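This report refers to the structure that appears directly beneath it.
The values are calculated or read from the model by the stated rules, or taken from the named source; none is laboratory data. Quick caveat, the model's predicted, so the values are computed rather than measured. Don't worry about glycine lacking a Cβ; one is built from the backbone with ideal geometry, like all the others, and counts go over all protein chains shown.
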Amino acid sequence: MAKKRSFRLFIQCCYTALTNGYIYGFKEGTIYKGAAKNICLPGLNCYSCPGALGSCPIGSLQAVLGSPSFKIACYVFGFLLLFGSLFGRFVCGWLCPFGLIQDLVYKIPLFKKYKRKNLPGHKYLKYLKYVFLLIFVILLPSIITDITGTGKPWYCEYICPSGTISGGIPLIIANDGLRSAIGFRFAWKVLLLLVILLCNLFFYRPFCKYLCPLGATYSCFNKFSLYRYTVDDSKCNKCGKCQKVCKMDIKVWEKTNDMECIRCGDCKRECPQGAISCVSIRKQVKGNELDNRR
Amino acid sequence: MKKEMSKFIICGIIICVAVFLIIEGIARDEVTTVFNKSANICMECIGIG
């Protein structure tokens, strides 16, 4: 069990290292400028991280929507649809660098007695991420523009803790010029990051649950993404063990592929009946053929 | 069984739309905007500027 959990951690670490492998950037306080930056990565990976080899889809979306030349962001929406329909929130559970940071912080064995799955008011707070997506990522960059018709990346500028921890802090440590330019906004972003990480000590992935616009986007695809779970009703006895182990607190037997499910696989492994499995297209096609013959 | 199959079909349609949007975005030269933003240090993203 622990071995399988560490397999997910291993994949998260490998993916983060692979997509942030520009070591020279960390050393010199600069960023990668190669052609791979044309491509959007699936996770929340700040493109101003010194090691980043690709683009952040949320930052890119704001850049295109805020550009005077475009009103619709076909390219970035295309990537979001593609990743969402293939993986759903599997990206959050396995491929997101900021998800990895939150998983590691939650593992710190401090205040064990006070660790909880959700913040109080989770039932309502979980919808906050959709508000952030709509207002800070889509509406504000498109509507509020300067004299040249360019909108600001509001979410990146005032909220995104991934930009602070993976972009801002490493760049400011290594780049003297940037260090001399820090001011109120940087202090605000560091404060917000600290609050999120402090919350994370007590609650599992608070940023993913309540603030992440990328998680909000992928959650819309969770019910029908290519990689999803299914519960075999003939095996499931509704013992509730899946919900007990699920850190996103989902009643898997009732709401399989819930919008909050990050496909970590804990429920699948812990189910004593082996009732939870991945949906296989081959099995579905075979089953359909059998149904048709009958 | 049929419900699950229809989900695969929806998924397939969305993947096709996604590929079309990416190609359309490349044709509209949105890639240059994405590249220009991501290949320069984004001051707003890191909290400066």
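Numerical summary
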| quantity | calculated |
| --- | --- |
| Lone unmet requirement of (1) surrounded by 14 or more Cβ atoms within 10 Å (Cβ to Cβ); (2) more than 21 Å from the chain's Cα centre (by Cα) for B:Lys2 | (1) |
| Residue identified as more than 23 Å from the chain's Cα centre (by Cα) and on the phi < 0 side of the Ramachandran plot among A:Tyr106, A:Tyr114 | A:Tyr114 |
| Count of residues meeting criterion [at the interface with chain A (Cβ under 7 Å from one of its Cβ atoms) and more than 16 Å from A:Leu80 (Cβ to Cβ)] in the stretch B:13-32 | 1 |
| Residues located in the stretch A:243-283, provided they are outside any loop (DSSP other than H, G, I, E, B), among the charged types (D, E, K, R) and either over 20 Å from the mean Cα position of the chain (by Cα) or loosely packed, with under 14 Cβ neighbours inside 10 Å (or both) | A:Lys244, A:Lys268, A:Arg269, A:Glu270, A:Arg282, A:Lys283 |
| Residue match in the stretch A:168-180 (condition: within 15 Å of the chain's Cα centre (by Cα) and in a helix (DSSP H, G or I)) | no |
| Helices (runs of 4 or more DSSP H) wholly inside the stretch A:1-107 containing at least 1 residues that are touching a strand residue (DSSP E or B) at 6+ places or on another chain (Cβ under 6 Å) and either closer than 23 Å to A:Tyr229 by Cα or within 13 Å of chain B (Cβ to nearest Cβ) (or both) | A:57-65, A:74-87 |
| Odd one out for A:Lys123, checked against (1) within 14 Å of another protein chain (Cβ to nearest Cβ); (2) without any contact (Cβ under 8 Å) to a residue 12 or more places away in the chain; (3) surrounded by fewer than 15 Cβ atoms within 10 Å (Cβ to Cβ); (4) over 18 Å from B:Cys42 (Cβ atoms) | (1) |
| Number of the exception - A:Ala17 against (1) touching a Cys at 6+ places or on another chain (Cβ under 9 Å); (2) of a type in the set (Gly, Ala, Ser); (3) free of Cβ contacts under 8 Å to residues at least 60 places away in the same chain | (1) |
| Flag for A:Leu192 being out of contact with any strand residue (DSSP E or B) (no Cβ under 8 Å at 6 or more places or on another chain), within 14 Å of chain B (Cβ to nearest Cβ) and assigned to a helix (DSSP H, G or I) | yes |
| Cβ pairs under 6 Å, 6+ apart, first in the stretch A:35-49 and more than 16 Å from B:Glu44 (Cβ to Cβ), second at pLDDT 95 or above and aromatic (Phe, Trp, Tyr) | A:Lys37/B:Phe35; A:Asn38/B:Phe35; A:Cys40/A:Phe79; A:Pro42/A:Phe83 |
| Matching residues in the stretch A:79-127 - criterion: being of a type in the set (A, V, I, L, M) and within 30 Å of B:Glu24 (Cβ to Cβ) | A:Leu80, A:Leu81, A:Leu82, A:Leu86, A:Val91, A:Leu95 |
| Answer residue from the stretch A:166-188, given it is at the interface with another protein chain (Cβ under 9 Å from one of its Cβ atoms) and among the small types (Gly, Ala, Ser) and is nearest to A:Ala52 (Cα to Cα) among those | A:Gly167 |
| Pair list, Cβ under 6 Å, 6 or more apart: the stretch A:81-97 residue at positive phi, other residue in a loop (DSSP other than H, G, I, E, B) | A:Gly88/A:Phe221; A:Gly88/A:Asn222; A:Gly88/A:Ser225 |
| Among (1) in contact (Cβ under 8 Å) with a residue 40 or more places away in the chain; (2) under 23 Å from the mean Cα position of the chain (by Cα); (3) facing chain B (nearest Cβ under 10 Å), the one test that A:Pro161 misses | (3) |
| Single match in A:Leu139, A:Leu128 (criterion: under 30 Å from A:Pro68 (Cα atoms), surrounded by fewer than 16 Cβ atoms within 10 Å (Cβ to Cβ) and under 16 Å from the mean Cα position of the chain (by Cα)) | A:Leu128 |
| Subset of the stretch A:217-237 (residues that are under 12 Å from A:Asp258 (Cα atoms) and either more than 14 Å from chain B (Cβ to nearest Cβ) or in contact with a helix residue (DSSP H, G or I) (Cβ under 8 Å, 6 or more places away or on another chain) (or both)) | A:Tyr218, A:Ser219, A:Cys220, A:Phe221, A:Lys223, A:Phe224, A:Ser225, A:Arg228, A:Tyr229, A:Thr230 |
